[in-house]
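To start, the structure itself, in C-alpha cells.
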Amino acid sequence: MKSMKPLNRAPLLHVSVQESLRAYIDENGLAPGTLLRAEGELATQLGVSRNSLREGIKALESLGVLETRRGVGIFVKAFSFEPLLDNLAYGLGGALRQIEEVLEIRRTLEVGLIGKTIEMIGEDDIAELRGTVNRMRVHAERGETFAEDDQLFHRLLFRCQHNETLVRLIDVFWLAFYKASDFVNLENLDPMATWRDHAAIVDAVEAKDLEEARRRLDRHYDGIARVIANNKTSSNVGGTHERTV
C-alpha cells in the first residue's frame, strides 16, 4: 500500500495577515500614500488580534509595502528597491563568487545599453559627467578613492534614457558590491587608472564612438574583476565575514 502523504501545514497567522493585506491593496487598487483603515477595524475584519495584525504590518513594512506613521496611521508605500538593496548586499556578504555574478550582470546591462545613451545624451549630461570625472582626478592624485562620484558617474551615464528601473538596478549592483567591502577588502588599489577609465568612457560617448565606448566600459569592468580575483586567494569564497588585512 502507498503511504499517506503528510498534511500541508497551514501558513502562520501573521503570514496569512500579510497575504490578506496585500490582496486588499491590490483588489482595491490602492495607490501609494493611501491611508488604510484603523488597526482595530482591520483586525476585526480579518478576525485576528491586534498583535497578529501588527506582526503582519511590520513584515510588510520591512518589504517596503506599508509605512506606519506614528500618531497618523498605516499607509500604502510607493514601490522601492531599497529593501532589495539591503537584503541583497547583506545576503551576498563576503561570497566573492556571487559578487562576480552580480558584476557580470551589471557589466552586460551597461555595455548593452551604452548605444542608446550615445543616441540620446545631451550637452548638459556630458558636462555633468566631465565635472564628476574632474572630481575623480582630484581624489586620485591624492591617492584617495571616490566611491560616491563613481556611483554618480554611472547614474549620469544612463540618466538620459529616462529608465528609472535601469538606474535603480545599477544602484542595486553597485551597493551590493560596495557593501560587500564590509566583509572583504575590495579596495581600489589604483585610483588613477580608474579615473582614466572613466575619462575615456566620456570621451568615447561625446565622440559618438559606440565601439570605443563599449571597449572602454569592458576595460573598466576588467579592472574591477581583477580586484575581486586578487582577493580570492586571501578571502574565503564561501562567504565567511573575514576581512582581508
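The values are calculated or read from the model by the stated rules, or taken from the named source; none is laboratory data. In this text, all values refer to a predicted model and were calculated from it rather than measured experimentally. Quick reminder, even Gly has a Cβ in these numbers, built from the backbone with ideal geometry, and neighbours come from all protein chains shown.
General observations
- Test: residue 49 is more than 19 Å from the chain's Cα centre (by Cα) and either at pLDDT below 90 or among the polar types (S, T, N, Q) (or both): yes
Residue-wise test of (1) hydrophobic (A, V, I, L, M, F, W, C); (2) out of contact with any strand residue (DSSP E or B) (no Cβ under 9 Å at 6 or more places or on another chain); (3) modelled with pLDDT under 95; (4) crowded, with 18+ Cβ neighbours inside 10 Å.
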position: 101; (1), (2), (3), (4): no, yes, yes, no
position: 110; (1), (2), (3), (4): no, yes, yes, yes
position: 127; (1), (2), (3), (4): yes, yes, no, no
position: 134; (1), (2), (3), (4): no, yes, no, no
position: 149; (1), (2), (3), (4): no, yes, yes, yes
position: 170; (1), (2), (3), (4): yes, yes, yes, yes
position: 183; (1), (2), (3), (4): yes, yes, yes, yes
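- Within region 45-76, the set of residues being in a strand (DSSP E or B), in contact (Cβ under 8 Å) with a residue 24 or more places away in the chain and surrounded by 16 or more Cβ atoms within 10 Å (Cβ to Cβ) comprises 66, 74, 75, 76.
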